[in-house]
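Student: Below: one structure in structure tokens.
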Amino acid sequence: MKNAGDVETGLSSFEEFLGELYHKYKSLRDGTVANYIPELAKVNPELFSICIVTADGRVYEVGDRTHLFTIQSISKVLVYGLALEDRGRDYMLTRVGVEPTGDAFNAIILDELSKRPYNPMVNAGAIATTSLIKGTGATERLNRLLDMYRRYVGHDVFVDISVFTSERSTGHRNRAMAHLMLNFGMIDVHIEEALDLYFQQCAVMVNCRDLAVMAATLANRGINPITGEKAVDSTYIKDILSVMYTCGMYNFAGEWAYKIGIPAKSGVSGGIIAVIPGYMGIAVFSPLLDSRGNSVRGVKVCEELSHKFGLHMFDCVQRNLESIPES
Ligand code: GLU
């Protein structure tokens, strides 16, 4: 097995192109860092990195590539995959919908008729999803999540205790959502345990390359292209990518799908992953966020990559994946 760190990353014209993108947007300082989780407010707003991993395991990266940050909402994608494996598609659909909300990620809303949270990419749906992860107790469930992350990134990962406790002690909205779902019987009584696991999954530390390897794993039918290990059952890749496409970018998801046209997910720590099925995973990290919670530089970089290589899923005119150079 190869580790991500063993991969050849000799400078190529593609990497030079990423370098140009990096320098172009490094001077963009719009946006603010997330501060509603006190520990996140301490991040250096200058940090910026871009990484692309192809479905056959080539790595291209620029910027603060080794900087570790908490994965936050990008975790929702992976945990949804694990819940689908644990519970199956039909059962998951009875508990968590697949409808975009058009509302903020932390809106305290459920579907009027079904009482389900709208989708697994918003907080309510993610908490319900996490509560469905199988295991005989809190430790086994956490270990199953950590092992899932290991398969996706190719090495062990850890929970940042400061971010976890920061969120646990201030996450009143998330606690309110869990109580609302308990009221409607959409989540079982162990809500504190489910919330702890949700806060822990969000507080897992990753770097930009880890995110790109995760995205490339999703692009490669659930097989980590660096280690060759299966991270998620390929049956569920289409479920995961569908909700990323329609719901992954907060209340910008529709405009993102329209303009950029790639299944993606962002998190409030400043990460974005984007998946080009069969080709590559893209990751950008920059903690300055716009008003919806998406990384400002991250959106710009993805927009430019999409336009340059015709990555929009429905762009039959510009689509030009073959022009991505070999390393
Ligand atoms: N842990 C964060 C929360 O629940 C995740 C939010 C996000 O990244 O969108 O508020």
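The values are calculated or read from the model by the stated rules, or taken from the named source; none is laboratory data. What you see is a predicted model, and the numbers here were worked out from it, not measured in a lab. All Cβ positions, even for glycine, are placed from backbone atoms using ideal geometry, and neighbour counts span all protein chains on display. Heavy atoms of the whole protein, side chains included, go into the accessibility calculation; ligands, DNA and RNA do not. Shrake-Rupley method; radii C 1.70, N 1.55, O 1.52, S 1.80 Å.
Conditions tested, residue by residue: (1) at pLDDT 95 or above; (2) of a type outside the set (Asp, Glu); (3) closer than 28 Å to Leu47 by Cβ.
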{"residue": "Tyr149", "(1), (2), (3)": "yes, yes, yes"}
{"residue": "Ala176", "(1), (2), (3)": "yes, yes, no"}
{"residue": "Ala203", "(1), (2), (3)": "yes, yes, yes"}
{"residue": "Asp210", "(1), (2), (3)": "yes, no, yes"}
{"residue": "Ala215", "(1), (2), (3)": "yes, yes, yes"}
{"residue": "Pro225", "(1), (2), (3)": "yes, yes, yes"}
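Student: Which pairs do you get when a residue that is in contact (Cβ under 8 Å) with a residue 12 or more places away in the chain, found in the stretch 36-47, comes within reach of a residue that is polar (S, T, N, Q), reach meaning Cβ atoms under 7 angstrom, with the pair 6+ apart or on two chains?
Tutor: Going by the 7 Å Cβ cut-off, the qualifying pairs are Ile37/Ser166; Ile37/Thr170; Pro38/Ser166; Pro38/Thr170; Glu39/Ser162; Glu39/Ser166; Leu40/Ser269; Leu47/Ser286.
Student: Could you pull out every one of the helices (runs of 4 or more DSSP H) wholly within the stretch 155-227 that has 1 or more residues that are within 18 Å of the chain's Cα centre (by Cα) and more than 11 Å from the ligand (Cβ to nearest atom)?
Tutor: In the stretch 155-227, the matching helices (runs of 4 or more DSSP H) lie at 191-202, 208-219.
Student: Is at least one residue of the stretch 274-289 over 15 Å from Val213 (Cα atoms), within 12 Å of the ligand (Cβ to nearest atom), among the small types (Gly, Ala, Ser) and in contact (Cβ under 8 Å) with a residue 60 or more places away in the chain?
Tutor: There is no residue in the stretch 274-289 that is over 15 Å from Val213 (Cα atoms), within 12 Å of the ligand (Cβ to nearest atom), among the small types (Gly, Ala, Ser) and in contact (Cβ under 8 Å) with a residue 60 or more places away in the chain.
Student: For residues in the stretch 143-180 being in contact with a strand residue (DSSP E or B) (Cβ under 8 Å, 6 or more places away or on another chain), farther than 23 Å from Gly228 by Cβ and of a type in the set (A, V, I, L, M), which is surrounded by the fewest Cβ atoms within 10 Å (Cβ to Cβ)?
Tutor: Among them, the one singled out is Val159.
Student: Oh, and also: Of all helices (runs of 4 or more DSSP H) completely enclosed by the stretch 22-134, which ones contain at least 2 residues that are open to solvent by 50 Å² or more (accessible area, probe 1.4 Å)?
Tutor: Hits in the stretch 22-134: 75-87, 89-95.
Student: Yes or no: Asn220 surrounded by fewer than 24 Cβ atoms within 10 Å (Cβ to Cβ) and not charged (D, E, K, R)?
Tutor: No, not satisfied.
Student: Assuming Thr32 fulfils every condition listed in (1) within 16 Å of the ligand (Cβ to nearest atom); (2) modelled with pLDDT of 95 or more; (3) closer than 20 Å to Val206 by Cβ apart from one, which condition is it?
Tutor: So Thr32 meets the others, but not (3).
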